[in-house]
Amino acid sequence: MKSVNWNGSDIFPSKIVCVGRNFVDHIKELNNQISDEPVIFLKPNSAIASELHSCPTELLHYEGEITFLINNGQLSGVGFGLDLTKRALQDKLKSNSLPWERAKSFDKSAVFSNFVDFNSALREIRMELHINDVLVQSGGCDLMLNQPDQLLAEVNEFISFEDGDLLMCGTPKGVGPVNVGDRFVGKIFNKDNVLVEHDWTVK
């Protein structure tokens with residue numbers, strides 16, 4: 001089983017629950033439609049990685065996301081996540097009304113920082129992603145169409161969260177390609193205070 005780090009301890013998520021189309025500007029940049037209800041998909045434990053890898057044979061996009069660790073049925077930890085997407089393959093699958101797993105749930109498609117305790121107001125949580133010292137993504141819970149606590153309740157209607165499971169809450173605009181040698185720095189803020197910061201160099 002793959003693990004993430006929460007307050008210095010290894011945690012083994014049984015699954016990652018991901019939310020698509022949760023930021024209006026990102027919906028527009030991919031020419032998607034706003035959904036009447038949250039778009040939910042899953043990544044397996046085998047998707048978790050601590051290193052960030054490119055994909056030499058396919059177009060791989062990064063999507064930076066605020067990610068919560070679930071414990072005792074609550075949003076207990078927060079960290080930075082990268083939802084990696086084989087974009088051309090996803091577009092092909094979508095055009096044929098097929099599921100996204102081949103484009104979203106492959107090995108090493110979910111990269112995470114460490115997680116810290118979450119005890120802030122949701123609307124004060126925001127993220128930034130810098131690539132080679134350039135800010136490429138920025139967004140917070142206040143811009144989400146569906147708030148994390150609402151998502152938790154919605155998912156609980158049909159999927160049970162196990163302790164340690166992760167909830168990725170969608171990406172703001174600014175997604176783009178993953179290139180070898182690029183330096184990614186992901187940050188989670190409570191207002192202007194940095195809660196989590198992690199950097200990766202693409203292999």
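Coordinate-derived values only; no laboratory data. As the structure is a prediction and not an experimental result, all values here were calculated from the model. Glycine also receives a Cβ, built like all others from the backbone with ideal geometry; neighbour counts cover every protein chain displayed.
Quick rundown of the values:
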quantity: Kirkwood Rh, angstrom, the range 75-130 [1 / mean 1/r, Cα pairs]; calculated: 13.5
quantity: The chain - Debye-derived log10 I(q)/I(0), Cα point model, q = 0.09 Å⁻¹; calculated: -0.29
quantity: Proximal lysines to residue 15, defined as alpha-carbon separation beneath 26 angstrom and excluding residues fewer than eight positions away on the same chain; calculated: 2, 43, 86, 92, 94, 104, 108, 173, 187, 203
quantity: Full-stretch length increase - residue 57, residue 132 - with 0.36 nm per residue and alpha-carbon distance subtracted; calculated: 24.7 nm
quantity: The range 88-203: C-alpha gyration tensor shape, a/c 1.5 cut-off, then a/b vs b/c; calculated: oblate
quantity: Gyration tensor verdict on the range 145-198 (Cα atoms; rounded if a/c is under 1.5, prolate if a/b is larger than b/c, oblate otherwise); calculated: prolate
quantity: Per-residue [θ]222 nm for the chain (sum of -39500 (n - 2.57) over DSSP H runs n ≥ 4, rounded to 500); calculated: -3500 deg cm²/dmol
quantity: Environment charge of residue 102, counting only residues whose C-beta is closer than 11 Å and scoring Lys/Arg +1, Asp/Glu -1; calculated: +1
quantity: Cβ-defined net charge surrounding residue 89, 14 Å radius [Lys, Arg +1; Asp, Glu -1]; calculated: +3
